[in-house]
1. How much of the accessible area of region 22-136, probe 1.4 Å, is carbon plus sulfur, in whole percent?
2. What full-extension length gain, to one decimal in nm, is calculated for Ala209 and Lys35 as 0.36 nm per residue of separation minus the Cα-Cα distance?
3. When Rg is the radius of gyration of the Cα atoms in region 79-192 and Rh is its Kirkwood radius, what does Rg/Rh come to?
4. Given the DSSP H assignment, sum -39500 (n - 2.57) over each helix run of at least 4 residues in the chain and divide by its residue total; what's the result at 222 nm in deg cm²/dmol, nearest 500?
5. Express in whole angstrom the spacing between the alpha-carbon centres of region 230-266 and region 122-149.
6. What distance in nm separates the simple spin-label points at Thr121 and Asp139, each placed 7 Å from Cα in the Cβ direction?
7. (i) 18.9, 69; (ii) 17.7, 54; (iii) 24.5, 99: which one is Rg and Dmax of the Cα atoms in Å as calculated from this entry?
8. Probe radius 1.4 Å, ligands and nucleic acids left out: which of Phe57, Phe219, Phe182 has the largest accessible area, and how do the rest follow?
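The values are calculated or read from the model by the stated rules, or taken from the named source; none is laboratory data. Quick caveat, the model's predicted, so the values are computed rather than measured. Every residue, glycine among them, receives a Cβ derived from its backbone with ideal geometry; neighbour counts consider all protein chains shown. What goes into the accessible areas is simple: the full protein's heavy atoms, side chains included, and nothing from ligands, DNA or RNA. Shrake-Rupley method; radii C 1.70, N 1.55, O 1.52, S 1.80 Å.
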Amino acid sequence: MIKLIATDMDGTFLAEDGTYDRERLATLLPRLAEKEMLFAVSSGRSLLAIDQLFAPFLDQIAIIAENGSVVQYRGDILFADFMTKPQYTEVAQKILANPYYVETGMIFSGQKAAYILKGATEAYIQKMHHYYANVKVIDNLDVIIDDSIFKVSTHFTGETVLAASEWLSQELPYASAVTTGFDSIDIILKEVNKGFGMNHLCQALEINATDTIAFGDNFNDYQMLTFAGKAIATKNARPEIKAISDEVIGHCNDGAVLTYLEGLIQ
């Protein structure tokens, strides 16, 4: 019996322009609740940004944000895992030392705001406003004095992103660098991933992994898909994600996840 449905956002639940059909979701959520199925959003995006995007539905859904670093259920934080200042400072140093770094910029995702180090390109700053809320450009990391940092993110080229993430994971024994798009990397604590966050949510709500479904498209969805009782990839997913999935559905631009869920409750 399905009790929890967790879906990635970018490339999965959201169309490529970052939108979703709010009317369809508004109709779907009460029907899922009638079947005692909980809808959860799972993303590398910041919790602040996800809260904004799903503001009308926060009292009905769960959120696994920051690639599993924080779990929220109906507006309440159930779990959060933060980097120490020495850790995220070293991460920044390693990003700058990475042989594949293209000097676009880096962002530090916190509980209260997202911080971009001065020197980032204007294009990078504008792009980050799409994925983060309350974005601030800062002169140095010492400015972050009253916030807790979940993760650090940066960009590489599509051709070097996998090699760059592998280099960072080797250089940072306490962290993992995971691709969140075709040119983006999130550096998170080693124990953290979307499967880790989904497991915390299941434990809190006493749900068995076998009673869950997960949808995804990229490498940062891997652990969530292997944790879930059923793994589903979108048509536009990476081949490696399709290979570990039980089923491949339509393209994210066609609202394939919503269509699948509507079929569950007919």
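1. 50
2. 60.9 nm
3. Using only Cα positions, Rg/Rh for region 79-192 is 0.92.
4. -9500 deg cm²/dmol
5. Each part reduced to its Cα centre gives a spacing of 33 Å.
6. It works out to 2.6 nm between the two label points.
7. Computing Rg and Dmax of the Cα atoms in Å and matching it to (i) 18.9, 69; (ii) 17.7, 54; (iii) 24.5, 99 gives (ii).
8. Highest to lowest solvent-accessible surface, that is Phe182, Phe219, Phe57.
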